[in-house]
Amino acid sequence: MTRVARSPRVVFCAEGAPADPWLRGLADVLPDATIDAWSADGPPADYAVVWSPPDRFYATQPRLKAIFNLGAGVDGLLRSAALPSDIPLVRLEDAGMAPLMAEYVVQTAVRHARGLDRMEDDRRAGRWVPRRSAERSAFPVGVMGAGALGIPVARALGANGFPVALWSRATKAVDGVRCFADFGQLDDFLATTRILVCLLPLTSETEDILDRETLGRLLPDAYLINVGRGHHLVDDDLLALIAAGRIAGATLDVFRSEPLPGDHPFWREPRITITPHCSALTQRSATLRQIADKIASLERGEPISGVVDRARGY
């Protein structure tokens, strides 16, 4: 548990999520705080813990010191015109998601490199085709995004024998990983990549970044793993490149509309593997500890990490 100097009030508002486990968890880690589930006529709070709150939520909370988002991506919150511009918005930093994301991406990359996706095609067709595994060096992986998830994913891929490159807006240095920075080096990054992993934040600059031009610059028989946001990918461009044989296939965990509509052509493309936005779900205990520690720091007047730069979108 985390002790704070006084008794702040914390309000929880997460549409579509059961409130009781989060309320009990917040009470456990912040025993000196008053914890409320949001209601339109409830008392104003000092801090908010939210996921996809309705626009009317903000009008009922005039004294907030900070808003904590139950996720690393804040694009949904930033799209709301009702979001106050003068209140710090704090995103999750890892909160137990990095090992899960690394596991998901590594097993997906290994599955493709070992040809297990093609063996599944053989199984459906009733074909017995022994396939020799290629060397990992034939499958250089490029990770887009060098944040709390991107860097651990890049390291895990390297530990599993893949050559790894990392692309981000700012220059990074990661041992054993070739790093590229900003759009001036994007083409060079893509030209070295056969398996592309997207872990970018969604901003005005990164929306639709996985289009025909970007994907077409990858090495032949490239493979896409999108675990960032659905709006990074231009769906029709991916389908066209797969049909043309330019892209070997994809594993997609995020989509423009979720749940993915039943009539979406992704369902009918056997070279696309679909998972229901579950690559790295928020881990409640780690999330609660992180939020509690940051509230305690703010109450002491100390700076915290994870505050969103609204101009950059993350």
Original post:
Which condition breaks for residue 36 when tested against (1) outside the structural domain of residue 227 (by TED's automatic domain parsing); (2) of a type in the set (D, E, K, R); (3) closer than 26 Å to residue 224 by Cα; (4) touching a strand residue (DSSP E or B) at 6+ places or on another chain (Cβ under 8 Å)?
Top reply: (3)
**OP:** Within segment 266-292, count every residue that is surrounded by 13 or more Cβ atoms within 10 Å (Cβ to Cβ) and farther than 30 Å from residue 256 by Cβ.
**Re:** 3
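Within segment 256-265, which residues are touching a Pro at 6+ places or on another chain (Cβ under 9 Å) and surrounded by 10 or more Cβ atoms within 10 Å (Cβ to Cβ)? Break it down stepwise before answering.
Step one: filter segment 256-265 for residues touching a Pro at 6+ places or on another chain (Cβ under 9 Å), giving 258-260.
Across segment 256-265, the qualifying residues are 258, 260.
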Original post:
So is residue 5 in a loop (DSSP other than H, G, I, E, B), under 24 Å from the mean Cα position of the chain (by Cα) and at pLDDT below 95 or not?
Top reply: no
**OP:** Mind counting the residues in segment 156-204 that are among the aliphatic types (A, V, I, L, M) and assigned to a loop (DSSP other than H, G, I, E, B)?
**Re:** 5
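Which strands (runs of 3 or more DSSP E) sit wholly inside segment 46-144 and have at least 1 residues that are buried (at least 16 other Cβ atoms within 10 Å of the Cβ), without any contact (Cβ under 8 Å) to a residue 40 or more places away in the chain and among the acidic types (Asp, Glu)? Talk me through it step by step, then tell me what you get.
On the way: elements: 47-51, 66-69, 141-144.
Ranges flagged: none.
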Original post:
Does segment 178-206 hold any residues that are under 25 Å from residue 135 (Cβ atoms) and free of Cβ contacts under 8 Å to residues at least 24 places away in the same chain, and which are they?
Top reply: 178, 180, 188
Subject >> Output for segment 145-173, where each listed residue is surrounded by fewer than 17 Cβ atoms within 10 Å (Cβ to Cβ) and farther than 21 Å from residue 250 by Cα >> reply: 159, 170, 171, 173
**OP:** Determine the pairs where a residue that is among the charged types (D, E, K, R), located within segment 211-227, has a partner that is surrounded by 17 or more Cβ atoms within 10 Å (Cβ to Cβ) and not in a loop (DSSP other than H, G, I, E, B) with Cβ atoms under 7 Å apart, the partner being 6 or more residues away or on another chain.
**Re:** 211/237; 212/237; 212/241; 217/190; 221/248
Original post:
Considering segment 96-120 alone, what residues qualify as being closer than 30 Å to residue 46 by Cβ and under 12 Å from the mean Cα position of the chain (by Cα)?
Top reply: 97, 98
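Return the only residue of 273, 251 being over 20 Å from residue 17 (Cβ atoms), modelled with pLDDT of 95 or more, under 16 Å from the mean Cα position of the chain (by Cα) and in a strand (DSSP E or B).
Numbers: 273 fails: under 16 Å from the mean Cα position of the chain (by Cα).
Selected residue: 251, the only one of 273, 251 that is over 20 Å from residue 17 (Cβ atoms), modelled with pLDDT of 95 or more, under 16 Å from the mean Cα position of the chain (by Cα) and in a strand (DSSP E or B).
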Original post:
Which numbered condition trips up residue 138, out of (1) at pLDDT below 95; (2) within 19 Å of residue 247 (Cβ to Cβ)?
Top reply: (1)
Subject >> Any chance residue 280 is of a type in the set (Gly, Ala, Ser) and over 18 Å from the mean Cα position of the chain (by Cα) >> reply: no
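The values are calculated or read from the model by the stated rules, or taken from the named source; none is laboratory data. Because the structure is predicted, anything quoted here is derived from the model rather than measured. For neighbour counting, all protein chains shown are included, and Cβ atoms are generated from backbone atoms with ideal geometry for every residue, glycine included.
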